[in-house]
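The values are calculated or read from the model by the stated rules, or taken from the named source; none is laboratory data. Predicted model only: the values in this text are computed from it and were never measured. In this analysis, Cβ positions are derived from the backbone assuming ideal geometry, glycine residues included, and neighbour counts consider all displayed protein chains. Heavy atoms of the whole protein, side chains included, go into the accessibility calculation; ligands, DNA and RNA do not. Shrake-Rupley method; radii C 1.70, N 1.55, O 1.52, S 1.80 Å.
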Amino acid sequence: MELIDKLEILGDAAKYDASCSSSGSSRKGSTGSAALPGICHSWAADGRCISLLKVLMDNRCLYNCAYCKNSRSSDTKRAGFEPQEVYEITMNFYKRNYIEGLFLSSGVFRSPDYTMEKMIKAVELLRNNGFGGYIHFKAIPGASKELIERAGFLSDRMSVNVELPTNDSLMLLAPEKSKQNIFLPMGQIAASITSNKNNFLDKDKFAPAGQSTQMIVGATQDSDYQILRLSQYMYKYYELKRVYYSAYVPVNQNKLLPVIDKPPLLREHRLYQADWLLRFYGFDASEILDERFPMLDNSLDPKCVWALRHREFFPVEINKADLLVLLRVPGIGNISARRIISARRMGPLSFEDLKKIGVVMKRAKYFITCSGKYMNGIFLSTPQIYNSLVTYEKPLFLPLGMQTTMFERENMENAKKIITGVY
Ligand code: SF4
């Protein structure tokens, strides 16, 4: 098989990994084009957009995960690279400035150790021949500790995909995998990152851009609460840099899988917003969701929903509240909260000042006071605030042609659901 044919197959096979989401797109203004097969954009640890060659080493797999296009019984074209081929393509693209790095994953061909050996050989060839680009290495669950260790010292970032948030889901859709095979390497990676992070030379650093993982959303009955709780656990105990949420895309016919007409992208988006609250806003998963409210609301972002359910927390006095309190206000982000604290040292802030600082007043105005006063005397009931907030976000979800009055009536119903939790 020609190299370009392999690249087509193995670049396409890698596209369902969510940590690079723009495979095949041709985007202006970024660091490289993603129009060639296998090239995608991703984000480095410092937030920079980078172009990566994103491929599988092999898409033949011993396992039969029901949701996966590369599973043993899936009817798909198969191919496998040799380490030398991955090295040549990557170096070639790198020297022409098509890419700034490599994202390497694989199906489990022959055995986890056999697959990892081949992947490691490819990245060793790159590093030993002067490749200074970014490498994201997907560890193969079940591979030996020694191989994980070798891979970490060659890579910038490592990841092991959790895929499904509960053991029951794993048993249902991926019974050949085990929780232990996923969390053992994740723990090993976390420990090696910590113990090597102060090493002086780059070659002595273990995955300096940290580790990440991915969970599929909507392939099973798992709730958003279960997903978020697991994310929080992993951020705390495995020092994850990122959890990626990937809306389930039906690629296989299997009676164990749900029948859906489109991937749950809005749910994926809400999970990213909730994840942000965990990482940067001091929220705990149990404050965002619980057994009574196990799913994120489609119509409003999780911070607004939290605020509506906790009216007793508001209003927040802008000229007195500390950082963590300001961060709880819808419409006030991390940057604007810090700006408020710095600016009010010069004197009390007004609503006009907040606008200049970058506070989104269409959201914040219901929840704040400046020097004891609400903006224009606003004091509304929870359903009224809900209605206004949803109207502000309306383009996100208003079905085409829905009458405004109908829309408002529906909002009122949703507001009641948000407050009472009865769905
Ligand atoms: S182990 Fe990975 S590549 Fe193999 S079937 Fe499962 S998800 Fe797909």
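Quick notes on this structure:
- Taking each residue of the stretch 318-331 that is in the same structural domain as residue 369 (by TED's automatic domain parsing) and looking for partners that are among the acidic types (Asp, Glu) and in a loop (DSSP other than H, G, I, E, B) with beta-carbon atoms closer than 8 Å, six or more apart or interchain, yields 330/301.
- For the stretch 223-246, the set of residues classified as part of a helix (DSSP H, G or I) and open to solvent by less than 20 Å² (accessible area, probe 1.4 Å) consists of 224, 227, 228, 231, 234, listed by residue number.
- Conditions (1) open to solvent by less than 10 Å² (accessible area, probe 1.4 Å); (2) in a helix (DSSP H, G or I); number of the one not met by residue 180: (1)
- The stretch 109-125, subset within 16 Å of the ligand (Cβ to nearest atom) and either more than 17 Å from residue 151 (Cβ to Cβ) or buried (at least 24 other Cβ atoms within 10 Å of the Cβ) (or both), residue modelled with the lowest pLDDT: 110
- Criterion violated by residue 300 - all others in (1) assigned to a loop (DSSP other than H, G, I, E, B); (2) open to solvent by less than 30 Å² (accessible area, probe 1.4 Å); (3) without any contact (Cβ under 8 Å) to a residue 60 or more places away in the chain satisfied: (3)
- If you go through the stretch 157-180 and keep only what is in contact (Cβ under 8 Å) with a residue 60 or more places away in the chain and either polar (S, T, N, Q) or not assigned by TED's automatic domain parsing to the domain that holds residue 111 (or both), you end up with 159, 161, 166.
- Only one entry in 223, 231 is over 16 Å from the mean Cα position of the chain (by Cα) and polar (S, T, N, Q), namely 223.
- Residues satisfying the stated conditions in the stretch 357-380, i.e. of a type in the set (Gly, Ala, Ser) and open to solvent by 50 Å² or more (accessible area, probe 1.4 Å): 371, 372, 377
- Of all residues in the stretch 249-261, those that are under 16 Å from residue 75 (Cβ atoms) and not assigned by TED's automatic domain parsing to the domain that holds residue 75 have Cβ atoms under 6 Å from Cβ atoms of residues that are surrounded by 13 or more Cβ atoms within 10 Å (Cβ to Cβ) and among the aliphatic types (A, V, I, L, M), 6 or more apart or on another chain, in 254/66; 257/66.
- Hits in the stretch 304-340 - residues which are open to solvent by 40 Å² or more (accessible area, probe 1.4 Å) and of a type in the set (A, V, I, L, M, F, W, C): 313, 323, 324, 325, 335
- Of all residues making up the stretch 53-100, the number that are of a type in the set (Asp, Glu), open to solvent by 10 Å² or more (accessible area, probe 1.4 Å) and within 27 Å of the chain's Cα centre (by Cα): 1
- Residue check for residue 266: free of Cβ contacts under 8 Å to residues at least 60 places away in the same chain and either hydrophobic (A, V, I, L, M, F, W, C) or assigned to a strand (DSSP E or B) (or both): no
- Selection from the stretch 46-69 of residues that are touching a strand residue (DSSP E or B) at 6+ places or on another chain (Cβ under 7 Å), at pLDDT 95 or above and in a loop (DSSP other than H, G, I, E, B): 57, 60
- Of all residues making up the stretch 136-166, the number that are of a type in the set (Gly, Ala, Ser), away from the ligand (no atom under 16 Å from the Cβ) and within 16 Å of residue 101 (Cα to Cα): 3
- Flag for residue 195 being away from the ligand (no atom under 16 Å from the Cβ) and either open to solvent by less than 30 Å² (accessible area, probe 1.4 Å) or within 24 Å of residue 268 (Cα to Cα) (or both): no
- Pairs with Cβ under 9 Å, 6+ apart, first in the stretch 52-80 and touching a residue at least 24 places away in the same chain (Cβ under 8 Å) and hydroxyl-bearing (Ser, Thr, Tyr), second assigned to a strand (DSSP E or B) and near the ligand (Cβ under 7 Å from one of its atoms): 67/163
- Which listed residue, of 171, 186, is in a helix (DSSP H, G or I), surrounded by fewer than 21 Cβ atoms within 10 Å (Cβ to Cβ) and within 16 Å of the ligand (Cβ to nearest atom): 171
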